[in-house]
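Each value in this text was obtained by applying a stated rule to the coordinates, not by laboratory testing. Predicted model, so just to flag it, every value in this text is computed and none were measured. Glycine also receives a Cβ, built like all others from the backbone with ideal geometry; neighbour counts cover every protein chain displayed.
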């Protein structure tokens, strides 16, 4: 009797689980149409902007739309580009990103919550310079997925957040004679993602 009940329970559980598995979708981040940009204060009077040229990763939805998504993204730290070769070399050095020791920057989501039509709050772990901290992204989708001329389904979204570089051990700086420092601590991050359904 117990065995029959157990088998029935297992069968019911499988019937419930199979549709969820069947509706799980994986989207591959398209590096050619994805950008990760940052802005940081310079000498207290202006902003320096840069970007990372190489980003990869996946977005997986588990049958519940965007709110069920899990995000796993990796950035090549050595692809930092601020349009000034000397500055880029400094950013790659042990004073900042130390790309020889920490070649990648990663983000792994832990929670996605709705924040209005087409808007979401994504919480996850950002690992930068060997330090992992929780961050929150404000995300806005770019409408429903579309089919490109090659027959691939594509989806897009944009995200923003702010971090303190000192939280990740990035503390290099120089004091100014007039007060303040050369490099601000707060870093604004702006992300535009395009992904292709696998």
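Taking the Cβ-Cβ separation of residue 100 and residue 167 as r and a Förster radius of 30 Å, what is the calculated FRET efficiency to the nearest 0.05?
That pair, residue 100 with residue 167, gives E of 0.85.
Would you mind computing, in nm to one decimal, how far apart the modelled labels at residue 68 and residue 142 are, each placed 7 Å from Cα along Cα→Cβ?
2.5
Assuming 0.36 nm per residue, please report the length gained on full extension of the stretch residue 49 to residue 82 beyond their Cα-Cα distance.
Taking 0.36 nm per residue and subtracting the Cα distance, the gain is 11.3 nm.
Tell me, how many Å apart are the Cα centres for the range 93-122 and for the range 139-198?
Result: 8 Å between the Cα centres.
Assuming R0 = 30 Å, what is the FRET efficiency of residue 108 and residue 176, from their Cβ-Cβ distance, to the nearest 0.05?
With R0 = 30 Å, the Cβ-Cβ based efficiency is 0.20.
Could you give me the radius of gyration and the Dmax of the range 24-197, taking only the C-alpha atoms into account and expressing both in angstrom?
Rg, Dmax (Cα atoms, Å): 17.2, 59.
Between residue 58 and residue 185, what FRET efficiency comes out of the Förster formula 1/(1 + (r/R0)^6) with R0 = 41 Å and r the beta carbon distance, rounded to 0.05?
According to the calculation, E is roughly 0.85.
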